[in-house]
Amino acid sequence: MNDQNKNPESNSDSISPESTNPAEAYPEIGQEEQMDAAERERLLQEGWLPPMPREALPEPTYWPITLALGLMFLLWGIVTSTIFSAVGLVITVVAVRGWVHDIRMDHKKQSVEEYE
């Protein structure tokens, strides 16, 4: 085993543990407007992707866990009783409708913000 495998800090090509954040290791990554084609190609060859445009994340919601609970009751009812299946079906339908409603409202809000 050679010394480079034992001590990763001795390798000058590797990023030190203190700078594992790409923004710290390569500060030019966050400056897409100022990046020319040669610089972009260099970053791609080193394994870094160019920055993607910022995309709005959806709001946190309880609908996914509610859907999981409904499906659990629905499947549990298959094994035990139809009452659990009925309750699970109702919870599942409510969760799907609520989740879809939230997604649609979020898309409407984003489209209104784009035009402003």
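No lab work stands behind these numbers, since they all come straight from the coordinates. Bear in mind that the values here come from a model prediction, so they are computed numbers and not experimental data. Heads up, the Cβs are rebuilt from the backbone with ideal geometry, glycines too, and the neighbour counts pull from every protein chain shown.
Straightening the chain between THR80 and ARG97 buys 3.5 nm, computed as 0.36 nm per residue apart minus the Cα-Cα spacing. Computed from phi, the 3J(HN,Hα) profile of segment 66-74 under the Karplus parametrisation 6.51, -1.76, 1.60 (θ = phi - 60°) reads 5, 4, 4, 5, x, 5, 5, 5, 4 Hz, with x in place of Gly and Pro.
Using the Karplus relation 6.51 cos²θ - 1.76 cosθ + 1.60 with θ = phi - 60°, the per-residue 3J(HN,Hα) values for segment 36-47 come to 8, 5, 5, 5, 4, 5, 4, 5, 5, 5, 7, x Hz, with x marking Gly and Pro.
With a Förster radius of 22 Å applied to the beta-carbon distance between VAL90 and ALA68, the computed FRET efficiency rounds to 0.90. The HN-Hα couplings worked out from phi for segment 97-109 by the Karplus form 6.51 cos²θ - 1.76 cosθ + 1.60 (θ = phi - 60°) are 5, x, 5, 5, 4, 4, 5, 5, 5, 5, 5, 5, 5 Hz, whole numbers, x standing for Gly and Pro.
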